[in-house]
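Structure record follows, encoded as structure tokens.
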Amino acid sequence: MATSTSFSYCSSLFLSILIISGFVFAEMVNSMGINYGQIANNLPSPDDVVPLVKSIGISKIKLYDADPKVLKAFANTGVQFIVGLGNEFLIKVQDPAQAQNWVKSNVQAHLPATNITCIFVGNEVLTFNDTSLSNNLLPAMQSVHAALVSLNLDKQVTVTTAHSLSILETSFPPSAGAFRQDLTGCITPILNFHSKTGSPFLINAYPYFAYKSNPKQVPLDYVLFQPNSGSLDSGTNLHYDNMLFAQIDAVYSALAALGFKKLPVHISETGWPSKGDEDEAGATPENAKKYNGNLIKLICQKKGTPLRPGSDLNIYVFALFNENMKPGPTSERNFGLFKPDGSPAYSIGLSVSNSSFGNGNSSSNSGSGSGGLVNPITPSPPGTSSSGYLAISSAAVTERCHVIGLIPMLVVLLLRAVSAQAF
């Protein structure tokens with residue numbers, strides 16, 4: 001009960017501050033998606049998550065299951081959902097009756113109140129190198145799609161699966177992007193399925209892991225979207241100033257090589273951890289802030305990649321919360337934008353004092369002492385490595401920035417009001 005009260009207190013004040021500038025921040029991120037993982041025992045209830053998500057302007061959420069509590073909580077919010085069907089169900093849902101029961105219970109039951117637009121069947125199945133999984137992936141996808149057709153839902157809900165970037169045999173230069181030869185036999189029929197049903201190709205892309213595995217050779221500025229000399233793809237003469245866009249274009253090239261040039265690509269996961277083990281290079285709050293802050297800015301520019309400048313990026317950031325029960329190295333538990341108490345894990349949006357969150361003693365999985373979000377549409381302080389890079393030169397945004405100038409004063413007033421109420 002004490003934990004619930006603490007979250008309610010902290011989040012209500014935090015959200016009050018966010019709402020003041022919500023029309024600014026929401027406009028900046030409403031084209032961004034977020035992964036809402038729940039491998040934790042200290043997360044707020046879905047009902048408490050709704051106002052947080054709405055206040056920061058997130059319009060798309062990807063779940064790793066079809067949690068009815070989450071789907072019911074977000075009813076009538078307009079937020080788009082991708083729901084997941086886990087690897088453990090691949091065999092079971094090949095039975096048409098089982099597939100239909102799953103769709104009825106986990107999708108149809110929530111429509112139209114909850115805006116479910118896609119089901120991803122299996123996560124990174126092909127790179128487990130387990131034929132018992134990979135051989136069942138496409139049949140499971142086809143069965144779920146058939147269930148949607150039988151229920152007249154296939155026009156509003158698509159079926160796909162999410163892949164690791166390691167399905168690529170070659171990713172650099174981007175124009176040489178190619179799928180692993182041993183996976184081509186599995187991937188090609190899946191791509192045919194996407195083409196016929198109109199569903200997107202999902203890829204999980206993490207420049208962080210490339211940097212972590214080779215920090216002496218991979219320039220940090222290149223993976224953090226910071227100003228750098230970049231690299232030139234001699235095959236296309238296109239210049240790349242960040243690794244994520246190079247990875248995305250490598251996927252486009254791999255698809256084109258198999259004859260699927262027009263297939264839409266969505267980045268179903270990308271992010272940066274704010275804390276890691278001693279051997280996990282680059283896992284810091286500062287780098288997480290730069291990666292996700294600059295990523296949001298690029299998403300808002302709607303420029304696409306060098307190879308596909310007019311394409312919608314469709315990026316889902318990983319993740320909404322730090323998840324304290326995820327296995328693996330420390331970084332796995334620290335990809336969240338927010339701590340479980342609803343306060344920011346590090347800065348990417350609106351500046352909020354640490355004293356805004358009650359007694360300031362709540363635990364932090366990120367290890368960050370930073371208490372708030374720094375608005376992504378304003379420049380970094382002079383002298384910092386990212387100075388000016390997050391700026392968006394637009395009269396409309398500049399106007400809105402004047403409003404943000406009032407935030408510190410309003411924060412003080414809010415804190416005084418809370419203090420007065422406490423006594």
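The values are calculated or read from the model by the stated rules, or taken from the named source; none is laboratory data. Computed from a prediction, not measured in an experiment: that's the story for all the values here. Here Cβ is always computed from backbone atoms with ideal geometry, including for glycine, and neighbour counts include all displayed protein chains. Ligands, DNA and RNA are excluded from the accessible area calculation, which covers all protein heavy atoms including side chains. Shrake-Rupley method; radii C 1.70, N 1.55, O 1.52, S 1.80 Å.
Data table
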{"item": "Residue match in segment 65-72 (condition: touching a strand residue (DSSP E or B) at 6+ places or on another chain (Cβ under 9 Å), surrounded by fewer than 19 Cβ atoms within 10 Å (Cβ to Cβ) and under 20 Å from Thr117 (Cα atoms))", "result": "yes"}
{"item": "Test set (1) free of Cβ contacts under 8 Å to residues at least 40 places away in the same chain; (2) touching a Phe, Trp or Tyr at 6+ places or on another chain (Cβ under 7 Å) - Glu88 fails condition number", "result": "(2)"}
{"item": "Residue in segment 191-209 that is touching a residue at least 12 places away in the same chain (Cβ under 8 Å), closer than 19 Å to Ser171 by Cβ and surrounded by fewer than 20 Cβ atoms within 10 Å (Cβ to Cβ) present", "result": "yes"}
{"item": "Tally, over segment 31-73, of residues that are of a type in the set (A, V, I, L, M, F, W, C) and either at pLDDT below 95 or in a helix (DSSP H, G or I) (or both)", "result": "10"}
{"item": "Residue among Ser229, Ser199 that alone is closer than 14 Å to His163 by Cβ, modelled with pLDDT of 95 or more and not in a helix (DSSP H, G or I)", "result": "Ser199"}
{"item": "Meets criteria (basic (Lys, Arg), closer than 14 Å to Thr161 by Cβ and within 21 Å of the chain's Cα centre (by Cα)) for Lys62", "result": "yes"}
{"item": "Selection from segment 314-336 of residues that are of a type in the set (A, V, I, L, M), assigned to a loop (DSSP other than H, G, I, E, B) and open to solvent by less than 10 Å² (accessible area, probe 1.4 Å)", "result": "Ala319, Leu320"}
{"item": "Any hit, segment 174-183, residues being touching a helix residue (DSSP H, G or I) at 6+ places or on another chain (Cβ under 7 Å) and either within 29 Å of Asn76 (Cα to Cα) or modelled with pLDDT under 95 (or both)", "result": "no"}
{"item": "Some residue of segment 162-172 being among the hydroxyl-bearing types (Ser, Thr, Tyr), crowded, with 17+ Cβ neighbours inside 10 Å and touching a residue at least 24 places away in the same chain (Cβ under 8 Å)", "result": "yes"}
{"item": "Selected residue (criterion: farthest from Pro215 (Cα to Cα)) from residues of segment 232-262 that are part of a strand (DSSP E or B) and open to solvent by 10 Å² or more (accessible area, probe 1.4 Å)", "result": "Leu238"}
{"item": "Filter result (among the hydroxyl-bearing types (Ser, Thr, Tyr), surrounded by fewer than 20 Cβ atoms within 10 Å (Cβ to Cβ) and farther than 14 Å from Lys72 by Cβ) within segment 36-62", "result": "Ser59"}
{"item": "Residue count for segment 279-312, restricted to those that are in a loop (DSSP other than H, G, I, E, B), under 16 Å from Phe225 (Cβ atoms) and in contact (Cβ under 8 Å) with a residue 60 or more places away in the chain", "result": "4"}
{"item": "Which numbered condition Gln100 fails, given (1) more than 24 Å from Ala256 (Cα to Cα); (2) free of Cβ contacts under 8 Å to residues at least 12 places away in the same chain; (3) in a helix (DSSP H, G or I); (4) of a type in the set (S, T, N, Q)", "result": "(2)"}
{"item": "Leading residue by the ranking (farthest from Thr197 (Cα to Cα)) among those in segment 116-153 that are hydroxyl-bearing (Ser, Thr, Tyr) and in contact (Cβ under 8 Å) with a residue 24 or more places away in the chain", "result": "Thr127"}
{"item": "Residue match in segment 175-189 (condition: surrounded by 19 or more Cβ atoms within 10 Å (Cβ to Cβ) and under 22 Å from Asn292 (Cβ atoms))", "result": "no"}
{"item": "Number of positions in segment 97-116 that are surrounded by 14 or more Cβ atoms within 10 Å (Cβ to Cβ) and hydroxyl-bearing (Ser, Thr, Tyr)", "result": "1"}
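Residues checked against (1) in a helix (DSSP H, G or I); (2) over 16 Å from Ile187 (Cα atoms); (3) at pLDDT below 95:
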residue: Thr127; (1), (2), (3): yes, no, no
residue: Asn135; (1), (2), (3): yes, no, no
residue: Ser143; (1), (2), (3): yes, yes, no
residue: Ala146; (1), (2), (3): yes, yes, no
residue: Val149; (1), (2), (3): yes, yes, no
residue: Lys155; (1), (2), (3): no, yes, no
residue: Thr161; (1), (2), (3): no, no, no
